[in-house]
Amino acid sequence: MATLELRNVNKTYGAGLPDTLKNIELSIKDGEFLILVGPSGCGKSTLMNCIAGLETITGGAIMIGDQDVSGMSPKDRDIAMVFQSYALYPTMSVRENIEFGLKIRKMNQAAIDEEVTRVAKLLQIEHLLNRKPGQLSGGQQQRVAMGRALARRPKIYLFDEPLSNLDAKLRVEMRTEMKLMHQRLKTTTVYVTHDQIEAMTLGDKVAVMKDGIIQQFGTPKDIYNDPANLFVASFIGSPPMNFIPLRLQRKDGRLLALLDSGQARCELPLGIQDAGLEDREVILGIRPEQIALAGNEQNGLPTIRAEVQITEPTGPDTLVFVSLNDTKVCCRLAPDAAPQAGETMTLQFDPLKVLLFDAKTGERLGVAGQAQAEARADNVAQFKGR
């Protein structure tokens, strides 16, 4: 195993063509699980191929441990890759597929047998060793592809959307198995996916990509709670974050966001002192689970009455949709508390959970640093104590 560092990596396919990868800077520690996530065409698979050596970078450096592998062939980088299609040899048995890479490395047969037994037990495929890939289910083929990679014991494992061909139930099961396997083996891993649920559940670190650029790099918790821009906020989270367009206004020295449900209005204090934001078009972002039903207790948080347009029961919770500022807004509520379509409910907002984005650039606005965060909390507390 080893650390992985990408230093200002660029990739273009020819003069005059736009860069496919632009100034990629990433670093993960030995044993960490990195997720590259983003929509189709964002460059994540290209970046994976550059790490593997299947694509040549046009600028920057790729470091595995303390060695620059940018100019090395794939076979010399000591990595193992699991493809979306699994790429198993159809005429070979499961055992022969797992053995193949070991025989290329000229290991003796006793060591090969020991390694095959180890990975087969780890992945619970002992009973499949004599079958051909065509006799296996999608989930079984995926395990064999993983077993072939694990048997090599490389420095870094690369996974290119390995679960995308599986049905929804099996995908959840295999996701859990992959996380358990990583916890046991502590292998340095890079995993490409377009599924933000996989990104949030599997990764120690997540790099969100768009148009060949890393929009944000951090822990899943940081990216979910503190998105850098509108794209990251919209891409990470299911159901997605609500975005409400509005203009900020100033009252009694505080900036306010005005919400209108058609039945009532709400002044939402933001606790931000930036005079440049006054009367500016912004996007207010708040996640569905951060909008609550107002109870009988008087906690001082701002509320607004709104008519329920539609409900979507999901089992553990119910998604309730209302209209605020002529925008559909989703609230994630407990099933036994959720009202029905046509009923009116009182919603409650915590201003400290609200995010602001520039309506033109999509960049995050507002709190920047501990002092500003404390000032914002104080301003909101003053509102609650009025």
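The values are calculated or read from the model by the stated rules, or taken from the named source; none is laboratory data. Quick caveat: nothing in here was measured; it's all calculated off a predicted structure. Positions of Cβ are backbone-derived with ideal geometry, glycine not excepted, and every protein chain shown enters the neighbour counts.
Determine whether the range 297-314 contains at least one residue that is touching a Lys or Arg at 6+ places or on another chain (Cβ under 6 Å), at pLDDT below 90 and farther than 25 Å from Val232 by Cβ.
yes
Select from the range 346-361 the residues that are part of a loop (DSSP other than H, G, I, E, B) and within 22 Å of the chain's Cα centre (by Cα) and write down the one among them that is nearest to Gln309 (Cα to Cα).
Only one residue fits best here, namely Val354.
Testing Ser70 on (1) without any contact (Cβ under 8 Å) to a residue 60 or more places away in the chain; (2) in contact with a helix residue (DSSP H, G or I) (Cβ under 7 Å, 6 or more places away or on another chain); (3) under 25 Å from Thr193 (Cα atoms), one condition comes back false. Which one is that?
(2)
In the range 164-207, what residues are charged (D, E, K, R), at pLDDT below 85 and under 19 Å from Gly147 (Cβ atoms)?
Start the filter on the range 164-207 by keeping residues that are charged (D, E, K, R), which leaves 167, 169, 171, 173, 175, 177, 179, 184, 186, 195, 198, 204-205.
Next, from what is left, pick out any that are at pLDDT below 85: 167, 169, 171, 173, 177, 184.
Those that are charged (D, E, K, R), at pLDDT below 85 and under 19 Å from Gly147 (Cβ atoms): Arg171, Glu173, Glu177, Arg184.
Search the range 194-218 for residues being out of contact with any helix residue (DSSP H, G or I) (no Cβ under 6 Å at 6 or more places or on another chain) and part of a strand (DSSP E or B), and hand back the single one that is surrounded by the most Cβ atoms within 10 Å (Cβ to Cβ).
Residue satisfying both the conditions and the ranking: Ala207.
Would you check which residues across the range 100-117 are part of a helix (DSSP H, G or I) and in contact (Cβ under 8 Å) with a residue 24 or more places away in the chain and list them? Outline the logic, then answer.
Residues of the range 100-117 part of a helix (DSSP H, G or I): 100-104, 109-117.
Once the filter is applied, which keeps residues that are part of a helix (DSSP H, G or I) and in contact (Cβ under 8 Å) with a residue 24 or more places away in the chain, the range 100-117 yields Phe100, Gly101, Leu102, Glu115, Val116.
Filter the range 242-256 for residues that are part of a strand (DSSP E or B) and modelled with pLDDT under 90; which is surrounded by the most Cβ atoms within 10 Å (Cβ to Cβ)?
Leu255
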